[in-house]
Structures are given as C-alpha cells and as structure tokens.
Amino acid sequence: MKNVLADAALNQLFREARTYSGWLDKPVTDDLLRRIYELMKLGPTSANGNPARFVFLRSSEAKEKLRPFLAPGNIEKTMAAPVTVIVAYDLLFYEKLPKLFPQSPGMRNLFAGNPQLVEVTARRNSSLQGAYLMIAARALGLDCGPMSGFDNAKLDEEFFGAGRECGGCEQEFFPVGHVRSNFLCNLGYGDSSKLYPRAPRLEFIEACTVS
Ligand SMILES: Cc1cc2nc3c(=O)[nH]c(=O)nc-3n(C[C@H](O)[C@H](O)[C@H](O)COP(=O)(O)O)c2cc1C
C-alpha cells in the first residue's frame, strides 16, 4: 500500500505552489537541475517515447539570445530568473523507441511513416513532461513561472535551426530542424512579496463528471 503524502508535501506541491514573476537573488545549481531531471524523467509518456527536450538557459548570453522572442510582459521576469528552461520536443523522438520501448519493435515504424501522429504525440507528451518538470522542481524546493507568451517559430529558428536541413542528422542532441519549442518555464526561488492573490479554480462540479 502506498502512503498518502503528508499535508506539508501536498501544500508545497499544490496548495501553496504559485506561478512566480519575482525572483530572489539565489542561484540554482547544475546539480539541482540534474536532480529535477532525474525525477521528472520517470513520469509516463506514450510508448515511453520521452519526446521532451530541455534547454536550460542560465548565462546572460543565453538569456539575451532568448529576449527578442519574448512577449513584452515576459521579458523582465525572464531576465531576472536564475534559470529559464525551454521545454521542447523532438520530432525524431521515435528514433529512440528501440531503446525506450524494446518490447514493441514495430513502434518506431508506426511513427516514422506518420508525421501527424508524431506531432500530436510529441506535443501531448512534452506538455506532460513539462508538467512533471514543474512538479519535480517544486518537490525539490524551487518555484516555477511557466510561459507561452513568446514567438515559437522565431525561437525555433534561433535555438533549434528550424527550417534548416539537418544534413543527415549526425548531431544526436537537438538534431537541426527537428526540435520545436512547447513552452518556457522560469525556475528559481520565488519572491512571494510580488505575488497577486491566488485566482479561483473551477469547482469539481464545474469541471468534472462521474458516471
Ligand atoms: C503553459 C502556460 C503558459 C503560461 N503563459 C504565461 C505567459 O506567457 N505570461 C505570464 O505572465 N503567465 C503565463 N502563465 C501563468 C499562468 O497565468 C498562471 O500559471 C495561472 O494564472 C495560475 O497562477 P498560480 O499558479 O499563481 O495560481 C502561463 C502558465 C502556463 C501553465
């Protein structure tokens, strides 16, 4: 039998977790980013495809590269955040299925011949993986600020070589032309003095039905 998590854990993960725009001047270490990844990678994805790819931007050079693509309202908080992660997805994720889903050898070919299925699967599952990332970050004491207010196409050109030919896709990591951004997420230790009051959520009766 699994245990129900203690209230302190539920508070940190959900009840008191907020979307932050203000950040304390406290760095996020590479070790912590790795620990987040080691937890979030265990979240489930279709056919265990793991389509999400993550670009952690920390240096001012990397942040400046991102700046032109941000919606005006997202610039200041992103520049101030210790780390911004681009949650992206690899349209060639299925090439790793022989390793990730060895029990079903036909799965790679199912995707290889069906770009629509690839796109919808990669988007759905990278969104889920982005959510796992946020939960893992919160579990390890960090705060998050997710954002979709940016120019995906232009970011993809700059960071992932969208529109360019991969020339054989020799680069295994972020193969040119095959990775697309999903959303961004600022990571750090949030400044709670800058929070607005929590907005309401839909009640069970408004969002759910049981039959
Ligand atoms: C996928 C996603 C995209 C978002 N995009 C933006 C954004 O571009 N700019 C922004 O200020 N907030 C953005 N938000 C923040 C939401 O408005 C915020 O998470 C929501 O209002 C809940 O706030 P709370 O977590 O403090 O309760 C985004 C959130 C998510 C999950």
Bridge orientation stat for the chain from DSSP, antiparallel percent rounded to 5, came to 95 percent
Between the alpha carbon centres of region 96-115 and region 32-47 the gap in Å comes to 20 Å
In the neighbourhood of Gly113 defined by beta carbon distances under 15 Å, the net charge of the other residues (Lys, Arg +1; Asp, Glu -1) is -1
Under a no-solvent Debye model with one identical scatterer per Cα of the chain, what's log10 I(q)/I(0) at q = 0.15 Å⁻¹?
-> -1.06
Spacing of the two label points (7 Å from each Cα toward its C-beta) at Leu10 and Asp31, in nm = 3.3 nm
With x for Gly and Pro, the residue-by-residue ³J(HN,Hα) of region 195-204, computed from phi through the Karplus equation 6.51 cos²θ - 1.76 cosθ + 1.60 at θ = phi - 60° and given in whole Hz, is 7, 7, x, 4, 7, x, 10, 5, 6, 3
Quick one: which of Lys41/Lys154; Lys41/Lys63; Lys63/Lys154; Lys26/Lys65; Lys63/Lys194; Lys26/Lys63 span more than 19 angstrom between C-alpha atoms?
-> Lys41/Lys154; Lys41/Lys63; Lys26/Lys65; Lys63/Lys194
Taking only C-alpha pairs under 8 Å that are 6+ residues apart, what is the relative contact order of the chain in percent?
-> 32 percent
Report, to the nearest whole %, how much of the accessible area of the chain belongs to carbon and sulfur atoms, 1.4 Å probe, protein only.
-> 55 percent
Using the heavy atoms of the protein chains alone and a 1.4 angstrom probe, what is the accessible area of the chain per residue in square angstrom?
-> 59 Å²
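The values are calculated or read from the model by the stated rules, or taken from the named source; none is laboratory data. These numbers were taken from a predicted model, which means no experiment stands behind them. Neighbour counts are summed over all protein chains in view; Cβ atoms, including those assigned to glycine, are modelled from backbone coordinates with ideal geometry. Ligands, DNA and RNA are stripped out before the accessible areas are found, and what is left, the full protein with its side chains, is counted by its heavy atoms. Shrake-Rupley method; radii C 1.70, N 1.55, O 1.52, S 1.80 Å.
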